[in-house]
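A quick write-up on the structure given underneath.
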């Protein structure tokens, strides 16, 4: 129900708002190059602004046959399904008023891969057949790692909690061996010529303020409360990634906030930030250079609000629909074991 309701809403929105096709076109060109057997990461055949890992072709091939508007509509519908499944109405309110609009402007596939990956993990936790669980989890890891700056922490937390070592091993084989000829060039590209978002648009705490402050904030968040794995994964992506996927990690973190009173707080605060930072550059000024600092203020401001709301003691913890991480309980148990052995 959530998916089809979201598909209707998103179809209406993409018919009204303009969808940026820059990122989509770059990824389409990269996927088309991989499908043809050419290395999109090598200097002589490099595809502009294509930084997704080589195995992403397994999950992104449908973009060869659809438009950016369809990709955004389907991706948004998948996140709607996550919202309805988890009853995260605060997250839905922010998604409809802010994150969806930014993703329209960005035109990427963030919602598609994160939404599909999470739903596959939820499905894997529900089915009783072990082989089906195994298949769904491996597919989910692949979807989430298409955008590692947003999905890496979700995958790590889920694997650690479930102790899914076989799923990790199978993922490394399936997504590694067939594409091994590309990985050295891909890693060299990421290190030597990182995405512009990493060097210009520092949308995360580590990207803007450096690793030490980011680590301190991350430790505080980890021990602040009990988390579902996707909520903490989103928070850590917003804190520790060199550059975040603007919108989605904040949305995942915000799904942990269950009190309805938070809806007007989030909407009014984000609307105020949008009013402050969504400006028109003066004539003759480079559009992206002028707006970069405003985008950083907007996203870090939203991230700060969401981290405070999600770690507030009065927030209700979601039902145990997935792996829940309670760092304080784990630390207390470890200390008790140490005392028992001394």
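How do 290-298, 329-337 rank on mean C-beta neighbours within 10 Å, highest first? Let's see the in-between values first.
On the way: 290-298: 16.3, 329-337: 10.8.
By packing density, highest mean first, the sequence is 290-298, 329-337.
Using packing as a proxy for protection, rank 302-308, 35-41, 188-194 so that the peptide with the highest average count of other Cβ atoms within 10 Å comes first. Walk me through the intermediate numbers first.
Values: 302-308: 20.3, 35-41: 14.9, 188-194: 12.9.
Top of the packing list down: 302-308, 35-41, 188-194.
Label segment 158-283 by shape, choosing from rounded, prolate and oblate, from the square roots a ≥ b ≥ c of the eigenvalues of the Cα gyration tensor; if a/c is under 1.5 it is rounded, and otherwise prolate applies when a/b is larger than b/c, oblate when it is not. List each step's numbers first, then the result.
On the way: a/c = 2.21, a/b = 1.28, b/c = 1.73.
Judged from the Cα gyration tensor, segment 158-283 comes out oblate (a/c at least 1.5, b/c at or above a/b).
Determine the calculated [θ] at 222 nm for the chain from helices alone, applying -39500 (n - 2.57) to every DSSP H run no shorter than 4 residues and normalising by the residue count; nearest 500 deg cm²/dmol.
On the way: 19 runs with 236 residues, N = 342.
Roughly -21500 deg cm²/dmol at 222 nm, from the helical runs in the chain.
Taking the Cβ of each residue in 251, 4 as the centre, tally the other Cβ atoms inside 10 Å and list the residues starting with the fewest. Let's see the in-between values first.
Values: 251 28, 4 11.
In increasing order of surrounding Cβ atoms, one gets 4, 251.
Using the 10 angstrom Cβ neighbour count as an exposure proxy, how do 144, 7 rank, fewest first? Mind showing how you got there, number by number?
Working: 144 26, 7 17.
Least crowded to most crowded, the residues run 7, 144.
How far apart, in nm, are the 7 Å Cα→Cβ label points at residue 286 and residue 135?
Placing both labels 7 Å beyond Cα along the Cβ direction yields 5.0 nm.
Which residue, 254, 240, 168, has the most motion in a Gaussian network model of the chain that connects Cα atoms within less than 10 Å?
Result: 168 has the largest fluctuation of those listed.
Explain nothing, just the number: relative contact order of the chain, from Cα pairs under 8 Å at least 6 residues apart, as a whole percent. Write down the numbers at each step before the final one.
Details: 490 pairs, mean separation 65.6, N = 342.
For the chain, the relative contact order is 19 percent.
For volume of the Cα convex hull per residue in Å³, pick the label among [x] 139; [y] 161; [z] 152 that corresponds to the value derived from the coordinates.
Among [x] 139; [y] 161; [z] 152, the one calculated here is [y].
Using a Förster distance of 30 angstrom, determine the FRET efficiency expected from the C-beta separation of residue 173 and residue 308, and round it to 0.05. The partial results should precede the final answer.
On the way: r = 42 Å, r/R0 = 1.39.
Efficiency, rounded to the nearest 0.05: 0.10.
For segment 139-156 and segment 1-77, compute the distance between their C-alpha centroids and round to whole Å.
16
Taking square-rooted eigenvalues a ≥ b ≥ c of the alpha carbon gyration tensor, is segment 149-219 rounded, prolate or oblate, where a/c under 1.5 means rounded and, failing that, a/b exceeding b/c means prolate?
Values: a/c = 3.36, a/b = 1.24, b/c = 2.71.
Taking the square roots of the gyration eigenvalues as a ≥ b ≥ c, segment 149-219 is oblate.
For the chain, set up a Gaussian network in which alpha carbons nearer than 10 Å are linked by springs, and say which option among 284, 115, 244 fluctuates the most.
Highest fluctuation of the listed residues: 284.
What is the fewest-to-most order of 339, 46 by other Cβ atoms lying within 10 Å of their Cβ?
Numbers: 339 8, 46 16.
Final ranking by Cβ density, sparse to dense: 339, 46.
Taken together, the values in this text are just the output of simple stated rules run on the coordinates, not laboratory data. The structure presented is a predicted model; accordingly, all values stated were derived computationally and were not measured. Glycine gets a Cβ as well: all are built from the backbone with ideal geometry, and neighbour counts include every protein chain shown.
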